[in-house]
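Encoded as structure tokens, the structure appears first; notes follow it.
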Amino acid sequence: MLRKCDYYHYHQNIFQLMIAQIRKMTEADIKQGLRIVLNKIEEACSRRTPELQATNPQLVAVSKTKPVNLIVAAYEEGQRHFGENYVQELEEKANNSIILEKCSDIKWHFIGHLQSNKVNKVLCLPNVHMIQTVDSQKLAATLNKNWPKFRSSDAKLNIMIQVNTSEEEEKNGISPDQVCDMTKFVLNECSNLHLAGLMTIGRFGYDPTDGPNPDFVTLKRCRDDVCQSQGVDWKNIGLSMGMSDDFEHAVELGSTNVRVGSSIFGYRVKKK
Ligand SMILES: *Cc1c(COP(=O)(O)O)cnc(C)c1O
């Protein structure tokens, strides 16, 4: 059954798609899109259980395929955290002279698949803030070993462990039953890394009117297991879950980090 608000979302998404196809998104569209998303996050927060109110979700604006002027527009509106999922595109944007000049406090999140042989290309970039997609001990070990060559202070590199909660073969991420071993490895063997949380992409097209999204429930259960086995406070392990179609639902279920692209920047032409 569709709720009234679903009709609203549906029509709003269709509407956004239409304007994006008719004309290019402008800086003003981006600023408005950002404000709408931030408002929805705040509203979703107020629907959370009292226990979950303890953490405030962070918005990562996913700017992949989008031009520099639109990133600057979102930055001017107060947005600081941005996500990219291709190494080469992140290299171009992080080193872009306009971004460096106008967005000096930008915080880049890498959210794509990272091969160990590309690690240095990402670690050397200005304002790299977090790698959300660490999906093997080998990658964690490489990041840990190489980070000291690039960091400017003795700050640790923020990482998240990507979990393939839907256990789909084509998805990256470790399986939920490997999460405790992997976190143990990061916490004990990777002194240059700061474990910021767990991340999932999840199954595409889940309808939240069917109940809590099983991917989000699984990620939360992984966190419970980690906290119990490693003796860490759950408030110190974030949950990166929720994208344009389901970020409000994810926030209601305890997401601490939503990654939202098209709801801010408009429809994306798929890369081949
Ligand atoms: C592209 C992407 C997003 C954002 O997707 P939207 O549906 O446009 O919000 C979030 N997370 C990852 C890992 C992505 O690659």
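Here the stretch 260-272 is the region considered, the condition is being of a type in the set (A, V, I, L, M) and touching a strand residue (DSSP E or B) at 6+ places or on another chain (Cβ under 7 Å), and the residue that is nearest to the ligand (Cβ to nearest atom) is 260.
Scanning the stretch 19-46 for residues that are farther than 21 Å from residue 75 by Cβ, open to solvent by less than 100 Å² (accessible area, probe 1.4 Å) and at pLDDT below 60 yields one hit, 19.
Anything in the stretch 71-96 that is aromatic (Phe, Trp, Tyr) and either away from the ligand (no atom under 16 Å from the Cβ) or part of a loop (DSSP other than H, G, I, E, B) (or both)? List them, or say none. 75, 86 - these are the residues of the stretch 71-96 that are aromatic (Phe, Trp, Tyr) and either away from the ligand (no atom under 16 Å from the Cβ) or part of a loop (DSSP other than H, G, I, E, B) (or both). When the residues of the stretch 97-114 are filtered to those that are in contact with a helix residue (DSSP H, G or I) (Cβ under 8 Å, 6 or more places away or on another chain) and outside any helix (DSSP H, G or I), the one that is farthest from the ligand (Cβ to nearest atom) is 103.
Of all the residues in the stretch 247-259, those that are within 9 Å of the ligand (Cβ to nearest atom) and under 11 Å from residue 41 (Cα atoms) number 2. Within the stretch 129-150, the set of residues being away from the ligand (no atom under 16 Å from the Cβ) and either open to solvent by 60 Å² or more (accessible area, probe 1.4 Å) or under 14 Å from residue 82 (Cα atoms) (or both) comprises 137, 138, 145, 149, 150.
Return yes or no: is residue 159 within 16 Å of the ligand (Cβ to nearest atom), open to solvent by less than 60 Å² (accessible area, probe 1.4 Å), in contact with a strand residue (DSSP E or B) (Cβ under 9 Å, 6 or more places away or on another chain) and of a type outside the set (Gly, Ala, Ser)? It is true that residue 159 is within 16 Å of the ligand (Cβ to nearest atom), open to solvent by less than 60 Å² (accessible area, probe 1.4 Å), in contact with a strand residue (DSSP E or B) (Cβ under 9 Å, 6 or more places away or on another chain) and of a type outside the set (Gly, Ala, Ser).
Please go through the stretch 84-101 and pick out each residue that is under 13 Å from the mean Cα position of the chain (by Cα) and under 13 Å from residue 67 (Cα atoms). If the condition is that a residue be under 13 Å from the mean Cα position of the chain (by Cα) and under 13 Å from residue 67 (Cα atoms), then 84 is the only one that fits. Consider the stretch 115-150 and keep the residues that are in a helix (DSSP H, G or I) and among the small types (Gly, Ala, Ser). The one that is farthest from the chain's Cα centre (by Cα) is 141. Within the stretch 196-210, track down each residue that is open to solvent by less than 20 Å² (accessible area, probe 1.4 Å) and either free of Cβ contacts under 8 Å to residues at least 40 places away in the same chain or touching a helix residue (DSSP H, G or I) at 6+ places or on another chain (Cβ under 6 Å) (or both). Result: 198, 200, 202. Within the stretch 224-245, the set of residues being within 12 Å of the ligand (Cβ to nearest atom) and surrounded by fewer than 22 Cβ atoms within 10 Å (Cβ to Cβ) comprises 243, 244, 245. Within the stretch 31-63, being free of Cβ contacts under 8 Å to residues at least 60 places away in the same chain and of a type outside the set (A, V, I, L, M) holds for 31, 32, 35, 39, 42, 46, 49, 50, 51, 53. Scan the stretch 47-81 residue by residue and report those that are closer than 19 Å to residue 126 by Cα, open to solvent by less than 50 Å² (accessible area, probe 1.4 Å) and among the polar types (S, T, N, Q). Selection gives 63, 79.
The values are calculated or read from the model by the stated rules, or taken from the named source; none is laboratory data. Here the structure is a predicted model, which is why all the values come from computation and not from measurement. Positions of Cβ are backbone-derived with ideal geometry, glycine not excepted, and every protein chain shown enters the neighbour counts. Surface areas here come from the heavy atoms of the whole protein model, side chains and all, with no ligands, DNA or RNA. Shrake-Rupley method; radii C 1.70, N 1.55, O 1.52, S 1.80 Å.
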